[in-house]
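J.: I have a structure here, written as structure tokens, and I will follow up with some questions on it.
The values are calculated or read from the model by the stated rules, or taken from the named source; none is laboratory data. Note that this is a predicted model, so its numbers are computed, not measured. Counting neighbours? That spans all protein chains shown, and the Cβs are built from the backbone with ideal geometry, glycine included. Heads up: the accessible areas ignore ligands, DNA and RNA and are worked out on the full protein's heavy atoms, side chains in. Shrake-Rupley method; radii C 1.70, N 1.55, O 1.52, S 1.80 Å.
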Amino acid sequence: MSNRSLGALAQRVALHIESLVPQGRARCLDIGCGDMGLVQALEARRSRHDKTRTDWYCIDVHRAPEAQGQYDDSCWRKYRQFDGRTIPYADGEFDVALLCDVLHHAPEDAAQLLAEAGRVARHV
């Protein structure tokens, strides 16, 4: 995804989160975050425009890159690996769960993953 399209997607996601959580602090979970590019774009946008304080947490099935010597603690501290089916957080822990470009990767687990997203977040 180009930087331009990633920025446009980040803007749309941020505006939607602002509509769901209009004031205060929002706890958000990016399920299937990949390299966390979308969350980084959202956080960059937040510093300039976002009215809502948004704390992001990220999960994916892949190991964090510290094993490959590419680990940047400031970026990856919000990352957690999971099994792709059971989200390792408590019921209702998040305001928003985001699944962007995820469900088609494991269609046999999509229903369970959506149910899990609904379990941990008020908005999916």
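J.: If every alpha-carbon in the range 73-124 counts as one equal scatterer, what log10 I(q)/I(0) does Debye give at q = 0.15, 0.32 1/Å?
T.: -0.43, -1.27
J.: Taking the Cα centre of the chain as origin, sum charge times position over the Cβ atoms of Lys and Arg (+1) and Asp and Glu (-1), and report the length of that vector in debye to the nearest 20.
T.: Dipole about the Cα centre, nearest 20: 540 debye.
J.: Taking Cβ-Cβ under 4.7 Å as the only way to count a partner, pick out the unpartnered cysteines of the chain.
T.: CYS28, CYS75, CYS100, each lacking another Cys Cβ under 4.7 Å.
J.: Let me ask another. In Å and whole numbers, how far do the C-alpha atoms of the chain stretch along each principal axis, longest first?
T.: Principal axes ranked by extent give 36, 34, 24 Å for the Cα atoms.
J.: Same structure again: Which helices count as membrane-span-like in the chain under these terms: full DSSP H, at least 20 Å along the axis by C-alpha, Kyte-Doolittle mean of 0.0 or more?
T.: 3-20
J.: Rounded to a whole number, what % of the accessible area of the chain do carbon and sulfur atoms account for, probe 1.4 Å?
T.: In the chain, the share of accessible area belonging to carbon and sulfur is 49 percent.
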